[in-house]
Structure formats: structure tokens, C-alpha cells
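Only the coordinates and a few stated rules stand behind these numbers; no lab work does. Just so it is clear, the model here is predicted, and its values are computed rather than measured. Cβ coordinates were reconstructed from backbone atoms using ideal geometry, including for glycine residues, and neighbour counts include every protein chain displayed.
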Amino acid sequence: MQRIIWISAALLATATCIMAAQDGAGRAPSPASQRPPRTATPQSYPREQVQAGEGRFASQCGFCHGRDAAGGETGPDLTRSALVAEDVGGDKIGPVVRAGRTDKGMPPFDLNDTDLKAIAAFIHDQKTKGEALGGGRRSVEISDLQTGNAETGRMYFNGAGGCVNCHSPAGDLAGIAGRLQGLALLQRMLYPASGRPVPPPAKVTVTLPSGETITGPLVSVDEFRIALTDPAGSTRAWATDEVKFTVDDPLAAHFNQLGRYTDADMHNVYAYLQTLR
């Protein structure tokens with residue numbers, strides 16, 4: 001059966017928030033656990049404008065800030081932005097979008113007034129939804145994740161976890177902590193398909209009743225049907241009870257590991273990966 005696992009920022013944020021609340025080390029609360037700044041001037045927008053802004057935001061801003069404006073791998077959570085909290089109808093968001101913030105890696109965008117107002121409407125709509133949830137936690141600070149032991153993580157990596165069977169600290173993982181930090185590193189560890197470049201799809205070999213075999217990238221599989229892309233580029237599918245098939249999935253070990261990780265294992269391995277600079 002096909003397994004689809006989403007490791008979302010919100011889910012990981014909830015988990016780390018609970019761990020932070022249970023931390024007895026007396027650390028100050030993470031900034032990410034605090035309530036976001038309240039909107040100074042409450043405002044609402046037509047649903048059509050918000051929907052238009054959602055599409056423009058996804059195409060222009062989602063790569064950095066996340067499709068929901070709650071933060072991505074390189075851009076901050078806009079629903080927690082003080083500038084957004086003070087904005088009215090795009091009067092502060094618009095100039096920043098057009099001018100960019102090159103010192104922080106944000107390029108300028110040449111957008112017309114209609115698109116800018118729609119994007120602002122979407123951001124405000126997302127902020128309003130976030131405030132209505134009643135909780136302040138929407139993202140993860142690096143300090144929230146610093147609960148593991150790197151040496152114990154190294155032992156797990158090379159031993160019970162079996163990570164070393166596919167990965168090498170001096171090979172594919174060399175310098176990974178210099179490329180990824182915080183939640184992005186943890187997400188890549190737990191679910192590497194969320195990263196860039198996207199790992200190659202699983203390959204499947206189907207053996208037909210005639211004995212003919214067909215091999216190609218897996219399109220989908222469940223308890224009823226299996227589909228692949230054949231060498232000619234066409235999608236072909238069969239009932240699973242009518243053929244034999246084997247699936248070679250490079251991410252299968254990660255899926256299996258998710259069911260075995262304890263919280264301590266996860267954070268220990270994360271701590272170890274942080275040392276690979």
C-alpha cells in the first residue's frame with residue numbers, strides 16, 4: 001500500500017512546543033512560542049481578492065515564505081511580522097515587496113497595485129486565521145531542537161538506525177549542517193522528499209502473466225492498482241492481484257524509520273547531523 005507522509009512545520013512546531021514546555025532546564029521561552037503581534041487595524045477582504053492573492057503569493061512568495069505565509073526554508077513567518085501587523089491594505093507590505101530587502105536575500109518584485117493588494121489581502125487573511133487558533137506557536141526556533149546528544153546520535157546513525165547503510169558523513173552528508181539549519185535540517189532528515197533537489201522516484205518492475213517485465217518510475221501503488229511510466233513515457237496500470245511487482249524505493253528506509261524513532265533518537269541524530277559541517 002502506498003504511504004504518503006507529510007512532515008509539516010505546524011506538526012513539528014507542536015511537538016517541539018510540548019517538549020519546550022516540559023523542559024526543566026529553566027531556559028527562557030523561545031520567541032516562536034510567544035503570541036504574534038496583534039493586527040493594529042482589524043481588516044477584512046472580499047473572498048475573491050483573497051483567493052487571487054493566494055495564487056499570486058504562492059507563485060511569487062511561497063518558495064521562501066511558505067504557501068501559507070507561515071514561513072519557509074529561507075523566509076520568515078509573515079503572520080508573525082510586526083510590519084504586517086501595522087499594515088493596512090498593503091500600505092507597508094507593498095513598498096517592501098517592490099523594493100525588496102536585498103540585505104536579507106529578498107529581491108524586488110515588479111507587481112501592479114491590484115496584485116499587491118491581493119497579496120496583502122491573503123497575508124492578512126492568513127494572519128487572522130492564525131490569531132483565531134488561540135495558540136501562539138506557529139514556527140520553530142533552532143534552540144527548540146537542541147535537546148539531543150550528538151555522540152549518542154552518531155552511535156545510532158552507525159548502529160541501530162542503520163543510516164550508515166545508505167549515507168556517509170564524508171560523502172553525501174558532508175557539510176549538510178552548513179547548508180541546512182533548524183527545522184529545515186530536521187525535515188530533510190525525517191522526510192527527504194521535501195527537499196531540493198527532489199529525490200528520484202521509486203522504480204517498479206512489473207511482471208505480467210505472460211512473463212514480460214516492464215520497468216519504470218512508480219506513479220502510484222495501493223492495495224488495488226499499481227501504475228508506472230513505461231520506457232515510452234506512457235502511464236500503464238494493472239490490478240495488483242493480476243501481476244507480480246517489486247518496488248525499489250530509495251526513501252523506503254526513511255519511511256520505515258519514522259515508525260521506530262523515539263523522540264530521543266530523533267533529536268540525537270539531529271544533534272549529530274549538526275556536527276557535519
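With the cut-off at 1.5 for a/c, could you classify region 74-118 from its C-alpha gyration tensor as rounded, prolate or oblate?
It comes out oblate by the Cα gyration axes.
In whole Hz and in residue order, list the ³J(HN,Hα) couplings for region 94-110 that follow from phi through the Karplus curve 6.51 cos²θ - 1.76 cosθ + 1.60, θ = phi - 60°; x for Gly and Pro.
For region 94-110, the Karplus curve yields x, x, 5, 4, 6, 8, x, 9, 4, 5, 10, x, 9, x, x, 10, 8 Hz.
For labels at D91 and D110 in the simple 7 Å Cα→Cβ model, what's the distance in nm?
My value for the distance between the label points is 2.8 nm.
Shape call for region 49-98 from the C-alpha gyration tensor, a ≥ b ≥ c root eigenvalues: rounded (a/c under 1.5), prolate (a/b greater than b/c) or oblate?
Oblate, because a/c is 1.5 or more while a/b does not exceed b/c.
So, R0 is 41 Å and r is the distance between the beta-carbons of S168 and D103; what FRET efficiency does that work out to, to 0.05?
0.70
Equivalent-ellipsoid semi-axes (√(5λ), Cα gyration tensor) for region 155-277, whole Å, largest first?
Working through the eigenvalues yields semi-axes of 35, 15, 12 Å.
Work through the residues other than F245 whose Cβ is under 15 Å from its Cβ and net out their charges, Lys, Arg +1 and Asp, Glu -1.
Net charge in that neighbourhood comes out at -4.
For region 159-170, just list the computed ³J(HN,Hα) in residue order, Karplus coefficients 6.51, -1.76 and 1.60, θ = phi - 60°, integers in Hz, with x standing in for Gly and Pro.
x, 4, x, x, 4, 5, 5, 10, 10, 10, x, 9
Which whole-number percent gives the relative contact order of region 46-159, counting Cα pairs below 8 Å spaced six or more residues apart?
27
For region 143-170 and region 217-277, write down the distance between their C-alpha centroids in whole Å.
21
So what are the ³J(HN,Hα) numbers for region 176-182, from phi and the Karplus equation (6.51, -1.76, 1.60; θ = phi - 60°), rounded to whole Hz, Gly and Pro as x?
Once θ is set to phi - 60°, the couplings for region 176-182 become 5, 6, x, 9, 10, 9, x Hz.
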